[in-house]
Amino acid sequence: MSNIVAAAFSSLTEQNIAHWNKLFARRPRWSRYPPEELVGFIARAFPDAGQRHGLRALEVGCGPGPNLWFLAREGFRVAGIDGSEIAIETARERLGSEGLEFSHKAADLRVGDFARLPWDDCSFDVVVDIQAISHNTEPVIRSVMAEIKRVLRPGGWFFARMFGPRTTGISTGVEIEEGTVSCPEFGPMVGCGVVHAFAEDEITNLLSPFRDVTLDWVHRSVDRKFDIFEWVVQARR
């Protein structure tokens, strides 16, 4: 990648973070609860509730913390990173206000770029992404995936939900690169800034360094007007 192209993608990332900071400022109570796919995954992958108290869970792009809240309630020691200061502060406040005082004090929440995770190798037993990786360009996505593998312990789990091309309007807007646009013009992604639609072979390629890969999908409607298609990913280091 040339220096000019790299600078352009860096500027785009900064604009994307600023965009999400504004969104979280307007909607501080956005997404109060975790998706059922994450709940089911945790129940299957970590069935021993007592065991979870010794495990660490990281969420990349944690937003205001609904998934961290759930993971903390399930006994994990949680960490989260998001580019939005407002999102991190909201997540911190939620952990402290809902009977999770210990988790609030122990939580490792950071404002930063999850393409360069500020944790040591082999730090986590599970890493979670709920639609956050999808809101980036391809070079950032590849960096994030490499970082996730790096911070996972051997045998650790990666769980994600990522948007696919059958989501209404996801290919409209300003094309940045193949599969990535800015400012979709209609559909459920309007107002979500940069968004990448993952093709199945692309997901498979991204997960090739992992093992025990399971790739499923969820396809649902929004008010019977729009479709949302998401890949449901789980894999182990």
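The values are calculated or read from the model by the stated rules, or taken from the named source; none is laboratory data. As the structure is a prediction and not an experimental result, all values here were calculated from the model. Cβ sites come from the backbone with ideal geometry, for glycine too, and all protein chains shown count toward neighbours. Accessible surface areas use protein heavy atoms only, side chains included; no ligands, DNA or RNA. Shrake-Rupley method; radii C 1.70, N 1.55, O 1.52, S 1.80 Å.
Worth pointing out:
- Selection from Ser97, Ala235, Val128 lying farthest towards where the dipole of the chain points positive, charges on Cβ: Ser97
- Per residue, in Å², the accessible surface of the chain once ligands and nucleic acids are set aside, probe 1.4 Å: 48 Å²
- Working note: Karplus 6.51/-1.76/1.60 with θ = phi - 60° gives region 43-58 the couplings 4, 7, 7, 10, x, 8, 4, x, 5, 4, 5, x, 10, 10, 10, 10 Hz, where Gly and Pro are set to x.
- Accessible-area composition of region 170-214, carbon plus sulfur, in percent [1.4 Å probe]: 51 percent
- The residues packed around Ala235, meaning those with a beta-carbon under 11 Å from its beta-carbon, carry a net charge of +3 if Lys and Arg are +1 and Asp and Glu are -1.
- When each of the peptides 76-85, 49-58 is scored by how many other beta carbons lie within 10 Å of its residues on average, the order from highest to lowest is 76-85, 49-58.
- Each stretch of four or more DSSP H residues adds -39500 (n - 2.57); spread over every residue of the chain, this sum gives -11000 deg cm²/dmol at 222 nm.
- Shape of the chain, Cα gyration tensor, a/c cut at 1.5: rounded
- Amide H to amide H, with H built 1.01 Å from N, Ala132 comes under 5 Å of no residue 5 or more places away or on another chain.
- Using 0.36 nm per residue and subtracting the Cα-Cα separation, the extra length available between Ala146 and Glu36 on full extension is 37.0 nm.
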